[in-house]
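One structure below.
Laboratory data are not the source of any read-out in this text; all were calculated from the coordinates shown. In this text, all values refer to a predicted model and were calculated from it rather than measured experimentally. Note that each Cβ is placed from the backbone with ideal geometry, even for glycine, and that neighbours are counted across all protein chains shown.
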Amino acid sequence: MTTTTTSAVERVVTGYLDHLVVERGLSANTVSAYRRDLRRYAAFLEAAGVRGLGEVAESDVAGFLAALRQGDGDHPPLSATSAARAVVAVRGLHRFALLDGLVPDDVAHEVRPPAPARRLPKAIPVESVVALIEAAGTLEGPRGLRDRALLELLYGTGARISEAVGLAVDDLDRAQSVVRLAGKGGKQRIVPVGSYALAAVEDYLVRARPALAAAGRTGVRGGALFLNARGGSLSRQSAWAILRTCCLYTS
C-alpha cells in the first residue's frame, strides 16, 4: 500500500480513537487496545492491496478475523476473547466511517466476533459444601429442615435448582432411593439419591412439610415436594435466595 493510502486509513483510525476518548469516554487502556487492533487491521488491508476503507469488502473483514485466529509470522494466534475485541474495534471503525459519510455502507456489520470457549464450572471443595448444608440447618423450625433437605438433594443428585423446585412428592421413590427429574425440554431422567440427601428429605417430609402444607390448599399428601411458608410451591427465586443466604453464613 502506498503512503497516501496508509495515511487515509490512519486518519480515519485516529478520528475514531479521538471519538472514543472525547465522546464515548472510554478508558485509556481500552483505547490503547483498540489502537493496537486497528493498526493491525490497517496493516492487513495494506498487505491485501486495499487502498482505503471505501474499498473494503465484507470478505476482507472476515479474512482479518481468520488471520487473527491463525496468526502469522509477526503475530501469534489470538484467543477467541482477544479476537472478538479486535473485531468489535473494526466494526466500530466502519460504523464510525459510515456515520461520517466516509464510506457508502457498513461492510463489517455482518462479521460476528467469535464466541469465547465455554468453560466447565469448577467443583467447589467438599468442605465448602458441608459448610453450606450446615448453614442451612441453623434456621429453626420447618424452614430450616426444608432448606437443609433442598441443599442435600441438590448436592446428592446434581439436580439444577429449577429441577429441584419442580419436584412433586411422588417424584421421589424413597424405597428405591431414586428421584425423577424433569430437565430442559421436558426430558426426564431417573437419578439415584445418596443416603445423606435421602435422610434429610425424609426428615423434612415427616417433621416439616406437614406444617408448611397446613398453610396452603393442597394438603399434606401430593403436590410439590418443597413448599414455601404459605404452603405453595417453593419458587426458583426463593431457592436461590436460600442458597445465597447460606453462602453469607459461610463467608
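Kirkwood analysis of the Cα pair distances in region 126-250 returns a hydrodynamic radius of 14.4 Å. Site pair R244 and E55 shows an inter-label distance of 5.6 nm when each label is modelled 7 Å from Cα along Cα→Cβ. The angle between the Cα long axis of helix 3-22 and the main principal axis of the chain comes to about 40°, on a 0 to 90 degree scale.
Using Cβ point charges alone (K and R +1, D and E -1), the dipole size of the chain about the Cα centre works out to roughly 960 debye.
With N the number of residues in the chain, Rg(Cα) / (2.2 N^0.38 Å) evaluates to 1.61. Farthest toward the dipole's positive end in region 126-250, which of Y196, L132, L225, given Cβ charges of +1 (Lys, Arg) and -1 (Asp, Glu) about the Cα centre? Positive-end residue among those listed: L225. The dipole here belongs to region 11-140: it is taken about the Cα centre, uses +1 on the Cβ of Lys and Arg and -1 on the Cβ of Asp and Glu, and is about 240 debye.
Helical runs assigned H by DSSP (4 residues or longer) give the chain a calculated mean residue ellipticity at 222 nm of -17500 deg cm²/dmol, each run adding -39500 (n - 2.57) before division by the residue total. Projecting the Cα atoms of V179, V111, A149 onto the charge dipole of region 91-207 (Cβ charges, centred on the Cα centre) puts V111 farthest toward the positive pole.
Protection proxy ranking of 184-196, 226-238, 147-159, by the mean of other Cβ atoms within 10 Å over each peptide's residues and highest first, is 147-159, 226-238, 184-196. The gain in end-to-end length when the R112 to A182 segment is fully stretched comes to 21.7 nm, 0.36 nm per residue minus the alpha carbon separation.
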